[in-house]
Amino acid sequence: MATRYIYKRDASRLFIALSEQGKKFKIYLPQDAYPIINDEEKEITILESKYDSFSFLWNNKKYFAQIKSKEQNKYRVIVNGVEYFFSIESISSYLRRRMLEDSSDSKKTVFINASIPGKITDIFVVEGDLVNEGEPLFSLEAMKMQNEFTSPITGIVKSIHVKVGDNVVKDQLILELSNINE
Amino acid sequence: MEAKRILIANRGEIALRIIRTVKKLGHIAVVFRSNRDKDALYLEAADEIIDANEGLQDKVIFLDAEKIIELAKTHQIDMIHPGYGFLSENPDFARKCIEAGLIFIGPHPDHIYKMGIKTIAKELAEKVGLPLVPGSEDVVKTVDQAKKIARKIGYPILLKAAGGGGGRGMRVVEKADHLERYFNAATQEALNAFGNGDLFIEKYIENPKHIEVQILGDQHGNVVHLWERECSLQRKHQKLLEEAPSPSLTDRKRSSLGKLAVKFAKAIGYYSTGTIEFIMDKKKNLYFMEMNTRLQVEHPVTEEITGLDLVEWQIRVALGEKLPFKQKEIPLNGWAIECRINAEDPQNRFSPETGFIENIRFPYHPQLRIESGVSKGTYVTTNFDSMLAKLIIHEKDRKKAIESMLKVLEETKIFGIKTLVPFFKVVLTHHDFIKGTYTTSWVEKVFNTDMLISQDDEIIAALASSIAYAMEYLPIAGEKIDIQQDNINFWVLNKRLR
Amino acid sequence: MIMFFDKLHERKQLLEEKEKIAIQKQHLKGKFSARERLQILFDEGTFFEIGAFVEPAQAEFSSKQSNFGDGVITGRGLIHGKSVFAFAQDFTVLGGSLGEAHGMKIARIQEMALQLGAPIIGLIDSGGARIQEGIRSLAAYARIFRNNVRSSGIIPQISVIMGPAAGGAVYSPVLTDFIFMVNKTSYMFLTGPDVIKEVLNEEITMEELGGGHIHTTKSGVAHFLYDDEEHALLGVRKLLSYLPPNNFEPLPISKTVEYYENRQEFLDKIIPDDPNKGYDVKDIINIIMDKDSFFEIQPNYAPNLVIGFARLNGKPIGIVANQPKVLAGVLDIKASHKGARFVRFCDAFNIPLLILEDVPGFLPGVDQEYNGIIREGGKLLYAFCEASVPKVTVILRKSYGGAYIVMSSKNTGGDFNFAWPTAEIAVMGPEGAVKIVHKKELASVENPEQLKAQLIEKYKREIATPFKGEALGLIDEVIIPSETRRVLITAFEILQNKQISLPKRKHGNIPL
């Protein structure tokens, strides 16, 4: 039993799902027909959509997708226990993104400082690691609480200036990240 | 035999597993309810529950030797099974149990003690003639001494700190001209870390395989081996997958290894279950590492191929029974593989997951044995280790075992937290595993997260994201949304007009 | 008659041509044209333009035909079927600079919105005041700012920065209720990088000085940051779905209500046993409130305090919650004024408030003290006391000292104050309290650690326990966490007709 979804404007039925690695999926969701993915019709039927989960039938196999988190147009989906990340763009926002990436003026090195004094209890990365925006970098104990610090950008850990057990003061430089979007 | 009151001082899947056998034998299964694990699954299976009631500053009950014994006495407990981890290899605990008049289900405290000190264990092993990793007899005092020993053993060698572990004071030396520099560095590091700069030398075994032999002895001097297990799939020295028997041994090697293990156990007068661990180098040489005196996590694979219930035999041996079978009567039937389903994220450096298990479903398979400590609604925390369940497959041969395990993993559904299920699918389809050539460095050196991505799954994920996006944004972008203005209330209107 | 039709036809063509050029220019920069933005913002085909052919005041500009409109499009449209006014600055006409005519158009539309009791949205994309028009330009700005203030608290005012906004141009947005910014293509600053370079010889780019990232994390001036214009405008539409059209009319409610029935029981286990362990309060918010209804405001500024709108049984609620996993959920300078402004906005527009509390206190430190944490904390306290909307508090875990009082405690005017069994309400945390009160005893004993542990347990059982508050009537009820949603729905339902009247005064004196 296929689910019906509401689409008001034609252009709005075309989406571009961009994966973390930059893989592009062109997805067109027509009203009462199979989706067209990367210009090929795929016979995928939606069986159920409940809360944040969908179940599909494709080539006689059942698939279950759970939306783990979403923020604006960015989604983390789990299929068969593996997490996939997509940012969904409509044609115009995708073209805009492409245009802007060519002329970015963001600084190369991002400095991560301790926003509060404390003791470094854990460092989760090593130099050379590729980290995602939001991924934990280190944790610091202050006021008897563990504070986890996450990366503000997607980039490469350039250098780490402290080690576990160090006591750091406010604004002390903890590590440097290279912004790869430059 | 009258029913014994057996206290299981453990939790999770192992508590459940031990309870099963205790009940099977007609004994009474008693467990603790810890404040840190109040809704655990194993509580439902037990015959009696003792509330541990730990305060926030207290140790968790499973680590509190005094409290365990005190409560055991007041609850008329006959025997204590320590499970694995916690106090299972703590000789003081075993001794105190015996002094308190309780039967400790395990080996003699002296054996727990001796095997717990690696150097004593190695000394005893050497005496019995077990092959050891070549190394220095003692602490190496000078660089020259080190050079001599290294030349004798052959490079690469491993400099190890005598005063402690954890990788500190450890250096791998590949060539003779590096030795002086690394010797000094290791000494300094060990001094800083442990206050003791002493080092000893071992031959560095690169990418070893981990093979262990299960032995079982009674208190009358009889010892048999129950074949070996290969546990080479590890990450940071934690085992993830085990199989019995090992694909790396010939039948002849298998028998001789087993005999060696029995010889060792007999020589020290060992009884109850025990595991003798070996590492194997590239050239298929085996070296004694250590002996574990507890029941191991991976014991089910041995049970499957031998048809023996190890917990049952632990209890029987503890009660003084004689082993009724001889070595040649121990069968080796088929092949067993166990996967430890941990709540760890293989896409993120295997970091532990916390959260609620929204749903967990294992498929039915005639050759599948499930040991699970969790159920739907369990809240997984970092209070205890991250193992949720073990999946054990037993088939007539290795190829079929791999096939069946893959089928089971495919149909296993766990929602709410990420687990190693997709990781094992990668492992079992990788040619290193299929060929049996995988080593303890496989996860670190060969596995990478891209292997987890499936093309079809990715398409489904992209589709699901797009639909979710459409369902969320199109109503916002569309003219009508499901919102209407509330009616105005006169009381409010009156006040607002003023 | 026919020649009039010709003129009308000619104008129509001019409009189309101008739009084509605008689209070209803007798209090159990854931006939409002003008209396109309005199309995305409003329901299809509902935008009615006002003042399309107003000409620039100065002759040198009005002579050029393409300058009609004077760089801003003003008008009214429907958003989800409701009347909303907007102005969109057009960067392709004289750099979107504000001249007298441009300013007058905006002021007129503001006045109309205020008269008709409808929200007003400003899409800012302007080079600032038009230098050539001198004081007239500045005077035009002043009128706009005055209108912002006159409308403040009567109609919702939203600004979307979609390009540069420099100098005086930033004052209007900052006087409005919410500011949206678009990543990498919008900037706000008072003095730009050029002036800074000249006067202070410091080099800095526009993005680093006043880009979206800066204003949503460092300065806290902006409330929302989106990666592209389309989603920013969709965000405005979403925000409006929680707000009434003006401070007199009732709130919009959702007809269908969905919530995570099967997750309510998770609330019973979600607070960690270890009081030093953090957790994400947003998980709790998402379980209690209607499914997917939580719309967070300023997520990256003072993340130790979470604010935003959500729906409870279809009705909009303003949420103020401490975030234990950031800085242990303490209140500091930034969190205090972030919360205070939000509370006052909800109060102005009759949106009930839900306060979820787990706060160990105010952040200590010389830095905080020198920068006036006293005054900033005072803002939040004032805002809660002043608010006459229904206020319901649920204390989840810690609630110590001044922070307990500030977070809408009973005697500051909280209508219902609930607590979870895990709540600890006290003047200070058990460790500190025991050390002070039992100082002599601890000093005299051989093994102070053991005695201290015992005393801490006693303190938690007898003094900090929420049942003590319940006995005193300062906590209305200690509730079972998994029942929270049910209890809150009833509580807000009871309070729905709450109205307070105070003796007349011009306004109070909140410590600014």
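Computed from the coordinates by the stated procedures, all read-outs in this text should not be read as laboratory data. The structure presented is a predicted model; accordingly, all values stated were derived computationally and were not measured. Cβ sites come from the backbone with ideal geometry, for glycine too, and all protein chains shown count toward neighbours.
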Neighbour-count order for A:Ile37, C:Ile510, A:Ile78, B:Ile393, fewest beta carbons within 10 angstrom listed first: C:Ile510, A:Ile37, A:Ile78, B:Ile393
Value of [θ]222 nm, deg cm²/dmol, for chain B, DSSP H segments ≥ 4, -39500 (n - 2.57) each, nearest 500: -11000 deg cm²/dmol
Crossing angle, helix B:65-74 versus chain B [Cα axis fit, 0-90 degrees, rounded to tens]: 80
Over the stretch B:5-105, volume per residue of the alpha carbon convex hull, in Å³: 86
Value of Rg/Rh across the stretch A:109-179 [Cα atoms, Kirkwood radius]: 0.94
With at most 15 other Cβ atoms within 10 Å, longest stretch of chain B clear of loop GluC sites (Glu not before Pro) (DSSP): B:322-478
Amide H contacts of B:Leu233 (H built 1.01 Å from N, under 5 Å, at least 5 apart or other chain): B:Leu240, B:Leu241
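What is the mean number of Cβ atoms from other protein chains located within 10 Å of the Cβ atom of each residue in peptide C:229-242, rounded to a whole number?
Working: counts 3, 9, 8, 1, 2, 7, 2, 1, 6, 6, 0, 2, 5, 1.
Taking the mean over all residues of the peptide, I get 4.
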Efficiency of FRET from Cβ geometry, C:Arg486 and A:Glu48, R₀ 30 Å, rounded to 0.05: 0.65
Beta bridges per DSSP with both ends in the stretch C:2-240, % antiparallel, nearest 5: 40
Helix B:398-411 vs. chain B, principal-axis angle (Cα, 0 to 90°, nearest 10): 20
Sparsely packed GluC sites (Glu not before Pro) within the stretch C:442-489, loop by DSSP, other Cβ within 10 Å at most 14: C:Glu446
Fully extended contour minus Cα-Cα distance, from B:Lys263 to B:Asn348, at 0.36 nm per residue: 26.2 nm
Projected area, mean over directions - the stretch B:143-203, Cα convex hull, nm²: 3.3
Filtered GluC sites (Glu not before Pro), the stretch C:148-220: DSSP coil and at most 13 other beta carbons within 10 Å: C:Glu202, C:Glu203
C-alpha center-to-center spacing [the stretch B:162-233, the stretch B:289-305] in angstrom: 20
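Take the residue pairs B:Lys24/B:Lys127; B:Lys4/B:Lys96; B:Lys127/B:Lys284 and return only those whose Cα atoms are more than 31 Å apart.
Numbers: B:Lys24/B:Lys127 41 Å; B:Lys4/B:Lys96 19 Å; B:Lys127/B:Lys284 22 Å.
The pairs that break the limit, which is 31 Å between Cα atoms, are B:Lys24/B:Lys127.
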Isotropic mean projected area of the C-alpha convex hull, chain C (nm²): 29.5
In Hz, Karplus ³J(HN,Hα) per residue of the stretch B:367-377 (6.51, -1.76, 1.60; θ = phi - 60°; x = Gly, Pro): 9, 9, 10, 10, 10, 10, x, 10, 8, 4, x
The stretch C:81-145-the stretch C:289-357 distance, computed between alpha-carbon centres (Å): 31
Degrees between helix C:448-462 axis and first principal axis of chain C (Cα, 0 to 90, nearest 10): 70
Helix-only CD estimate at 222 nm, as mean residue ellipticity for chain C, using -39500 (n - 2.57) per DSSP H run (n ≥ 4): -12000 deg cm²/dmol
Environment charge of B:Lys118, counting only residues whose C-beta is closer than 13 Å and scoring Lys/Arg +1, Asp/Glu -1: -3
Cα Rg, Dmax (largest Cα-Cα span) when computed across the protein assembly as shown, Å: 35.1, 122
Largest-first principal axis extents of the Cα set of the stretch B:209-452 (Å): 50, 42, 33
The stretch B:199-300: trypsin sites (Lys or Arg not before Pro) falling in loop per DSSP and having at most 11 other Cβ within 10 Å: B:Lys236, B:Lys282, B:Lys283, B:Lys284
The stretch B:385-498: Rg to Rh, with Rh as the Kirkwood radius over Cα pairs: 1.35
Sequence of C:Thr412, B:Thr275 once ranked by neighbouring C-beta atoms within 10 Å, starting from the fewest: C:Thr412, B:Thr275
